[in-house]
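The values are calculated or read from the model by the stated rules, or taken from the named source; none is laboratory data. All values derive from a computational prediction rather than experimental measurement. Heads up, the Cβs are rebuilt from the backbone with ideal geometry, glycines too, and the neighbour counts pull from every protein chain shown. Areas reflect the complete protein model, heavy atoms only, side chains present, ligands, DNA and RNA absent. Shrake-Rupley method; radii C 1.70, N 1.55, O 1.52, S 1.80 Å.
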Amino acid sequence: MRRQLLIIFFSLFLGFSSPSLAQQKATQTNYALARQAKENGEWEKAISYYEELYQKTQADLYYRELVELYLKVENYKEAEKLIKKRIRKNSDQLAYIVDQGLLEEKQGNEKEAVKFYEEAVDQLGQDPQQARLLANQFNRYQKYAYTESVYLKSRKLNKNEELFRFELANALAQQGKTSEMIDIYLDVVGKNRNYIQTVQNIFSRVLYPDPEGKQMQDLKEQLLRRIQDQPQQKVYAELLIWLYLQDENFRGALIQARALDRKTNEKGKRLHSLGQLALNNNSFEVAQEAYEYVINLGESSPYFLSSKMKLVEVLKEKITQTDYEFSDLEKLEQAYAKNIAELGKSNFTLSLIRGQANLYAYYLDRIDTAINILNEAITLGGISQEEKAEAKLELADLYLLDDDIWEASLLYSQVEKAFKYDELGERAKFKNAKVAYYTGDFFWAQAQLDVLKGSTSKLIANDALDLSLLITDNVGRDSVIEPLQIYARAQLLIFKQDYQEALNKLDSIPKFFPESSLKDNVLFTKFEINKAKRKYETAATYLETLIADYTEEVLADDALFELAKLNEIELNNKERAMELYKSLITTYPSSLHVVESRKRYRALRGDNLESTEIPKEEEL
């Protein structure tokens, strides 16, 4: 009996549920067909599907699709019937009145459209959710002035000026009311500093592009007024510093940062960060002043010792990136010696010690001294295994510089073994492969490079692939090996900064081996040498020759990209740079440089590379 009852129960269940499931499946199928028809531009076909779906469900989703499609095919009569019926059934949903306004507008009845838009705003009640839905509908049709009216009326009805701050600012931004938008956001951060990062991100997106600088000038003026009127508000000074940094006005940022530090007793924290940022952007004078300010605060500042070391780094970059005299190097040598003597040799000063070794090896031609310094450094107590490995790699580079190939290779191998599955170990392996390449052991070098093609580091993988292809192309069955041997020795000379001897080696390749396939490599390497010597005009000529004579070669897109960057950054010829980036994008669409070229081209053109959409306050 019990079994019979169960059978009856399940039979009834299936009997009732099957039509429901079938109906649901039919609805899903029709919806998919409707969307497909719409995507294909088959408006009438899509309408027939949506009409059937809407009649069965009365869902707002299908209503919206129908209104859009009726307007597309200019079937205003059906659109009007649909909208009016919807309004009668949902008198409290003001968004449908906006649809009525849009319908009138599409038919050219501007006055009637305005009537409906204003009626929707007039009927708005106190409920903020009703205001949000109405504003969203105006936004859908890009009626941002009415969106603004909705938010302002809702604020008034609720007697709450904090309502819809981000949404209102967005509506103002969409209308080009930049000054009013800025004012709202500054009010936001003035009342809650936690929003500062959000507001900075919004300003970065919305205020660019700004070719004439008017929008950023407006922001600057409003910030200065607020700093003057509300000196207790630290956040406005912070925003002004941020604004100066966006414009790479490090001097302006320095002035504000010093004033803020004195006012809030930050003990140099902000100046220490600014110094590093200025150093990274080659603004050496500002970096120097920032670190000197922190040092002058004395040892009570937690950034005192770090700033002393950083100041030496600034001095080094300031000297070595210009046409320096030997006396400049002597001053730098004294600065290193003085600071190491004062601060001592420890894991804390390891970066200073490594910098001193670099100075002796690459600028003062005292490799033995540099080697001794690093040999002592790797024995210091308290340094991590990673720090020791980095110092070992630098020491191996110095042995290579001193022609002690085997000692260099031994150190590279030690680091590779100790960090076998780490990027540090892969870097050591690549350096060891290059040692073999420099010395003409091409087959061993290629075996190592083939392994590194799968490196987790994209840079190492790409470099390994490039060197492997170079060897493959020049050590084949029909290839003469001597040109590659000469080229490899020239690259070793470049590593040693013996540029003239390297150029002599490079010149000998086309002279004695006119059939060599290395001609484009020779031109590219000559470009690299002249760029390192800051002879940018000469460097550009080698790239132009390579592009003209070796269009189909592997290095052609690299040459085009480097020539574009050279014009953009060093030669300050922005128009020529844009032409070259555009040429690379169209001529070599599969090049690895296409993405970066497109980005740089758009930046030079003044495009806003970020979205202008502003998040709603509740999403933050």
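Values as computed for the structure displayed
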quantity	calculated
Set of lysines near Lys519 by C-alpha distance (under 18 Å), chain-local residues within fewer than 8 positions excluded	Lys505, Lys511
20 Å binning of all Cα-Cα separations within the chain, expressed as whole percents from 0 upward	13, 32, 29, 21, 4, 0
Contour minus Cα-Cα distance for Lys106 and Val480 (0.36 nm per residue)	127.1 nm
Centroid-to-centroid separation of segment 423-449 and segment 98-133 [C-alpha atoms, Å]	71 Å
For the chain, the longest site-free run once trypsin sites (Lys or Arg not before Pro) in DSSP loop states with at most 10 other Cβ atoms within 10 Å are removed	160-476
Span-rule helices in the chain, defined as complete DSSP H runs reaching 30 Å or more along the axis (Cα) with Kyte mean at least -1.0	2-39
Segment 320-386 versus segment 507-533: alpha-carbon centroid distance in Å	34 Å
Whole-number percent relative contact order across segment 151-248, with pairs defined as alpha carbons under 8 Å at least 6 apart	20 percent
Qualifying chymotrypsin sites (Phe, Trp or Tyr not before Pro) for segment 430-531 [loop in DSSP, other Cβ within 10 Å: at most 11]	none
Loop-located GluC sites (Glu not before Pro) in segment 545-603 whose Cβ has at most 16 other Cβ within 10 Å (DSSP)	Glu552
Pairs from Lys153/Lys214; Lys85/Lys159; Lys535/Lys565; Lys316/Lys526 whose Cα-Cα separation, in the structure shown, is over 23 Å	Lys153/Lys214; Lys85/Lys159; Lys316/Lys526
Compactness relative to 2.2 N^0.38 Å, alpha carbon Rg of segment 388-433	0.99
Helix-derived mean residue ellipticity, 222 nm - over the chain, DSSP H n ≥ 4, -39500 (n - 2.57), to 500	-24500 deg cm²/dmol
Whole-number accessible area per residue in Å² for segment 124-245, which is evaluated in the context of all protein chains at 1.4 Å	47 Å²
Segment 560-603, accessible surface, carbon-and-sulfur percent (1.4 angstrom probe)	49 percent
GluC sites (Glu not before Pro) within segment 198-251, DSSP loop, no more than 10 other Cβ atoms inside 10 Å	Glu212
